[in-house]
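Structure, as C-alpha cells:
The values are calculated or read from the model by the stated rules, or taken from the named source; none is laboratory data. All values reported here derive from a predicted model rather than from experimental measurement. Every residue, glycine among them, receives a Cβ derived from its backbone with ideal geometry; neighbour counts consider all protein chains shown. Protein only, heavy atoms only, side chains kept; ligands, DNA and RNA dropped before computing areas. Shrake-Rupley method; radii C 1.70, N 1.55, O 1.52, S 1.80 Å.
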Amino acid sequence: MTNKKGKLSLPIFLEFIELRTKVASIFPLLLGMVWALYRYSSFNALNTLLFFLAVLAFDMCTTAINNTMDYAKAKDQVYREKQNVIGRHQLDFRQMVQIVFSLLFFSIVISLLLVWRTDVMLLPLGAMCFLIGICYTFGPIPLSRMPLGEVFSGLTMGFGIFFLAVFVQAPHLFLVSRFVGEWFQLQLAWGRLIEIGLMSLPLVCLIANIMLANNLCDLDEDIRNHRYTLVFHIGRQKGLFLYTCLALLPWFLWLVYPFFGLLPFWAWLGFGIATLSYRSLRRFLEKQVKRETFIEAVNSFILFSVLYLLVLIVACVI
C-alpha cells in the first residue's frame, strides 16, 4: 500500500488502530498465561495462540470504532479535520467502517473456536466482554464519554483478559458446567477466582489510570466535543488524587502478595523499581499535556507489568 493523500497505507492503518496502545491488552494476556503456569502448572499452546489473536483483533476493533465514532460525532471541526486520524489523512469513512466489521468478524470466529475447545461458559463471558468493548465507544452514549470509562476499561482489560488467559489454559480448574436432563449445573472454584482477582488488581488500577490520564489531558477538548468523562464530573484536582492512588496501590499489593504465598519472598527485591514509577508519577502530576506527559501513565503500566512478568518467569524456572 502506498501512502497517498486519501489512501490507506500501512503506517496510517497502524495509526488508525493505534497499535502502540495494545500493550494494555497484551501484558494482561501474558501475565495470565504465565500465572497459570506458575500457580497451576497449566499451559495450552493452541488455546493461548487463539486467545492472543482474538484479543488483539478485538482490541484493534474497539480502537477503530473509537476513532471512527470520534470523527462522526465531533463537534469541534478543528479536531475533526486536523487531529482525528480519519480527517487528517482524508480517509474513506466507509472503508474505515469495513475495517471495523472485518476485525470484529475475525475476533468472533476465533472466540467461537475457543468456546468449542474449552467450555460453553466461555460464551457468555466472552459475549459480555465483547458487549462492553463495543459499547465503550459505540452507541448513543458510549461508556468512554461517561464517568464509567475508567471502571470498564480497568475491569475488562485488567481483570477480564487476565482471567480468561488463565481460564483457557485449563478451564476445569476454575469451573465445570454440564447439562443433566433439564438442569444446567455449574460448579465454581471460588478460592481460585478470588485469587485471580487479587493478582489482576494492579493491572486493573494501572489500565484505569491510562484512561484517566488521557481524560485529564483531554479535559478541555472533551468538553468542546461534549464528552463528559469522570474528570469533568469530579474536577481536575480530585482526578489527580485518584490517579495518584491508582498508581501507588499496585506497589502496596506487591509488598502484600508474598505474605499470602502468591509470589515468592524474593519478589520484594523488585520493589526498588517503584522509585522509577514514583518519578513518573511526579512528572505527570506537574503537568497534564497529551504530547508530553500522557506517556507517563503508559510507562508506569509497562514498568510494573515487566517486573511482574519477569518475576513470574523466574519463579517458573526456579
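Which entries in the list LYS82/LYS238; LYS82/LYS290; LYS73/LYS290; LYS22/LYS290; LYS238/LYS287; LYS7/LYS287 go over 25 Å, if you measure between the two C-alpha atoms of each? Listed pairs above 25 Å: LYS82/LYS238; LYS7/LYS287. According to the calculation over all Cα-Cα pairs in segment 205-318, the P(r) per 5 Å bin from zero is 2, 11, 21, 20, 15, 11, 8, 6, 3, 1, 0 %. A cut-off under 13 angstrom between Cβ atoms defines the neighbours of SER25, and their net charge, with Lys, Arg +1 and Asp, Glu -1, is 0. Calculated [222 nm] ellipticity per residue, helices only, for the chain: -21000 deg cm²/dmol; basis is -39500 (n - 2.57) per DSSP H run with n ≥ 4, divided by all residues, nearest 500. Its Cα gyration tensor gives segment 117-204 an equivalent ellipsoid; the semi-axes, largest first and in whole Å, are 27, 17, 10. Using the beta-carbon distance between ARG192 and PHE265 and R0 = 30 Å, what value does 1/(1 + (r/R0)^6) give for FRET efficiency, to the nearest 0.05? Taking R0 as 30 Å, the efficiency between ARG192 and PHE265 is 0.85. Let me know the shape class of segment 94-168, please: from the alpha-carbon gyration tensor, a ≥ b ≥ c as square roots of the eigenvalues, rounded when a/c is under 1.5, otherwise prolate if a/b is greater than b/c, or oblate. The shape class here is oblate. Centre-to-centre, using Cα atoms only, segment 208-281 and segment 49-108 are separated by 27 Å. Solvent-accessible area of TYR38, all protein chains in place: 60 Å² (probe radius 1.4 Å, heavy atoms, ligands and nucleic acids excluded). Simple point charges give the picture: +1 on the Cβ of Lys and Arg, -1 on the Cβ of Asp and Glu, and for the chain a dipole about the Cα centre of about 620 debye.
Each residue of segment 242-258 is assigned a 3J(HN,Hα), and the resulting list reads 5, 4, 4, 4, 5, 6, 8, 4, x, 6, 5, 5, 4, 6, 7, 3, x Hz, derived from the Karplus form 6.51 cos²θ - 1.76 cosθ + 1.60 (θ = phi - 60°), x at Gly and Pro. To the nearest whole percent, what portion of all C-alpha pairs in the chain is separated by more than 31 angstrom? The answer is 35 percent, as a whole percent.
At a probe radius of 1.4 angstrom, the accessible area of the chain per residue rounds to 50 square angstrom. Note on segment 1-157: Kirkwood radius taken over Cα pairs, Stokes-Einstein applied at 25 °C and 0.890 mPa s, translational D equal to 145 µm² s⁻¹.
At most 16 other Cβ atoms within 10 Å plus a DSSP loop assignment makes a site exposed; report the longest stretch of the chain without any exposed GluC sites (Glu not before Pro). Here the longest segment lacking exposed loop sites spans 19-181. For the chain, the longest stretch holding no trypsin sites (Lys or Arg not before Pro) located in a DSSP loop with at most 15 other Cβ atoms within 10 Å is which? Longest run free of exposed loop sites: 76-286. A Förster distance of 35 Å, applied to the separation of the beta-carbon atoms of LEU310 and LEU125, puts the FRET efficiency at 0.75. Could you look at segment 108-208 and say what percent of its accessible area is carbon and sulfur, using a 1.4 Å probe and all protein chains? Reported share for carbon and sulfur atoms: 77 percent.
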